[in-house]
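Right, one structure below, let's go through it.
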């Protein structure tokens, strides 16, 4: 890489003591041991009911990149370094722009967790994800491109500071983001500047979180502001007091026992805690062993989110799966315009949201209670009559004063120099009767002005918890129409993976077909999905009610959306009229004027275009689309200097804006910036096309086409130039990872169909483009594809997906998947999905197992089909084969999939039972004892390996030893089963085996109580309806049948223990009806048959 610097006119007044060293920013390289990934999946992963970080997982148009390996090699990465006298940091643009490390030069402390390897695990939205440093989670958490190269620039600022800018245009919403990391001379803080740019014509919802990781051990403390009274979980469905909890949290009962949750060591298992109602400007962490910490500062009215996530001392996910030797970490997250995950806020067309963080290392001050970009303070009670006071500054000061006050009385004062390397720390005597909240710690500048202060807040440890967010009622159950509308809007806004907002909107219209709010939202919804006629019908209905009696509406969203549709449909007169009416109100003035200007620009009516653009920019000075278009219009008029001012104005705010860079940078520098990415060129070319500069769009596409042939680029060249040869060239290229997703591409593909009528690929590509927005049309396109090309395995697989998840025609889906597998038996993803379809169809488990086993070499390429081969093989009793797989295969599980160890235990227990039936009891004992182990190839790493499953294992060992006549050993294991701790992870259904053990020990009353509790718990768990809402990580939701199958199973165990064999048999049979592949219901029914 060659260095490319932009100089921005940034002026910052610096007040320093002594000469500060210059900031250096430069390109370099870093070599890191790296665990390699196998190639990403070529089959597209469309949207479905899959929860990711409690929102809808969205992969397409990115490829699924979750094929981890254990192959390790040194890889050299291009990186960006920046340093001043206090901090040295390193950024990896090749891995999502991750801030890899930042070292506090005053003490050598890694301000962020520094991972010594690149070791991807299946955590990210698209699969591969690494731990360490800082991840920028833009628009969604974690973002789709966290493990994908991003755009970058190094910028010299006129005040001597330097900035590394990172960003991209993400494809889910086609919004842009930019993160600037700035170091200033003489400052120890990293200034993080965020730009969240809705560069589209749409209303989109988004969130932002900086995922800051820090090294942790038993000495590490999370420092939320002392005023924090409550913490909450994802979706706000749990609350607890802070810092000491005395209630269950996230289904973990141990938190009710007075846990100081600020200490990492006190969290038994992985967990998230969000600050509820942040009132101060920082989140921090402090390592009391290393006497150093990490300070994250920002305006809490904008940086509203504060959170930590940790794997916990009992998990070794972070120490074994995500690193080799770098230790445990905690994620200290700070969110802008969001305080939860999910917590999305609306971004209007061409809106840019900005935020600023200040991050720095702190040292030798025992913790932190207050902070700003200038300094941090700590005040800690050491004993009844002594407190610790501490302050750490972010630059050199000749004189600062630290004061401890009790009311108007100054208990302690100290003045002197302070710097990042020289904190001010003391212990101070206080009268034993003085309460914490009566003390105030003050930091003053040399003129006696208060720079920062801290007064402890009195909190009631018994104050009632805030209300949780409850799952919504079904649409018809909501009496209030406005509430029904808002439930739909919230779930649209929050990208809920399970709740369909349209159901709520349609219920509103059933009651009031002309409801303007609902018709407007549905009109916008269907416009963004390309269903223009349908959308226009809703919008015109809204407009009729809003403009009744010749009223000028207060809300012009419907007019704006209808204008966009008319523009797309080529109804220009009507589009002009409608969009102009949308400019009459402030909310959509800038957006509507931008569209009008584009239309005038297409017609080369430059004067009218400039008039509209001036108004668009006056109403929204950060409308970079309008500023760039104005620059292009001015260039067309020969007013180059004025044009350059427009582009420079864009780059002052967004230094990685591709349009402005194309207009201002040298050809070589621009080419390096674009990274030879066809989709980046295509996105930029489409902007020029929309702006009426088709020749520029064509030139951009020709430039990248000459170096990187790519189907979509060639098809656009054919469409824009009228040269049909490009379509033939495009359709002769391998499909590869080409994934059309823009609505503008629909007419391009339709043209490709007419030019190359014998090709199946336009239909294939169009089906892919349509599926997330118009699935019925997608099916029709894929059906035409396979009619022309019957051996297109990808199209058959896509049809399988559509009939599985959209039409719910599982039989047809299975046929399509079997065809795809026949055509491409090496595609492990096809096997994985086919098995899920067969499960939904109720196909006999033996048939599913036969398919997987007969394609074992393929199944072994991915975790899920391999795991299902183990599960189905266990069900049918092929234990030796299954145990061999469990011994020698690699199972790189996904975050949130925590039950694979249960499958391992199930196989060993059932294999052991088979050995006992064969009279090989000692072999059974060996198998049972193996069930306590956690093989490394299963990727389930725990420090405390106890689980509720242990009750079953111990009971079985007791039975085996009894069969061997070793009564003392039998009693030993029965006692272990009887004493099982059910606050550990795992199902409480294993109480059944605890009950059996108690019976063997002669404690029948205790056993009967357990069995009765199982019956009661099972009866209480039966439901008649269920709304999937919260969405646990990595899940696809549960149905009433799944919930009730578990409830009936629990009841059946209880009745069986109580001797109610007929009742138990009926319940187990009901479990099998609801879930035919339920392993233990099947095993118990076998026992009844015997």
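Read-outs throughout are calculated quantities, based only on the coordinates presented, and are distinct from any laboratory measurement. Keep in mind it's a predicted model, so treat the numbers as computed, not measured. Don't worry about glycine lacking a Cβ; one is built from the backbone with ideal geometry, like all the others, and counts go over all protein chains shown.
Could you tell me how many cubic angstrom of Cα convex hull volume region 644-757 has per residue?
108
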Give me the Debye-computed log₁₀ of I(q)/I(0) at q = 0.17, 0.19 Å⁻¹ for region 696-848, equal point scatterers on Cα only, no solvent, two decimals. -0.93, -1.08
Quick one: Cα centre-to-centre distance for region 237-269 and region 511-525, in angstrom? 44
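Give me D for region 988-1090 in µm² s⁻¹, whole number, from Stokes-Einstein with Rh from the Kirkwood sum over alpha-carbon pairs, 25 °C and 0.890 mPa s.
The diffusion coefficient I find is 172 µm²/s.
With only alpha-carbon pairs counted, each pair once and no self-pairs, how large is the Kirkwood hydrodynamic radius of the chain in angstroms?
32.1
For a quick protection proxy, order the peptides 430-438, 564-572 by their average other-Cβ count within 10 Å, most packed first.
Put in order of decreasing packing, that is 564-572, 430-438.
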By per-residue mean of other Cβ atoms within 10 Å, what is the highest-first order of 919-931, 664-676, 457-469, 680-692? 680-692, 919-931, 664-676, 457-469
Using only alpha carbons, build the gyration tensor for region 44-109 and give me the equivalent ellipsoid semi-axes, biggest first, whole Å. 34, 17, 12
Note to self, the chain gives a 222 nm [θ] from helices alone (DSSP H runs n ≥ 4, -39500 (n - 2.57) apiece, / all residues, nearest 500) of -12500 deg cm²/dmol
Between the alpha-carbon centers of region 151-171 and region 937-989, tell me the distance in whole angstrom. 57
Limiting things to C-alpha atoms, what are the Rg and the maximum Cα-Cα separation (Dmax) for region 5-363, in angstroms? 19.7, 60
Debye calc, one equal point scatterer per Cα of region 788-881, no solvent, log10 I(q)/I(0) at q = 0.12, 0.13, 0.15, 0.25 1/Å comes to -0.34, -0.39, -0.52, -1.26
Just want to confirm a number: the relative contact order over the chain, from Cα pairs under 8 angstrom separated by 6+ residues, in percent. 8
What is the packing order of peptides 1006-1012, 75-81, 136-142, taking the mean over residues of other C-beta atoms within 10 Å and listing the highest first? 136-142, 1006-1012, 75-81
Report the percentage of all Cα-Cα pairs in region 370-454 whose separation exceeds 17 Å, rounded to a whole percent. 40
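Mean separation of Cα pairs under 8 Å and 6+ residues apart, divided by the residue count of region 398-516: what relative contact order is that in percent?
18
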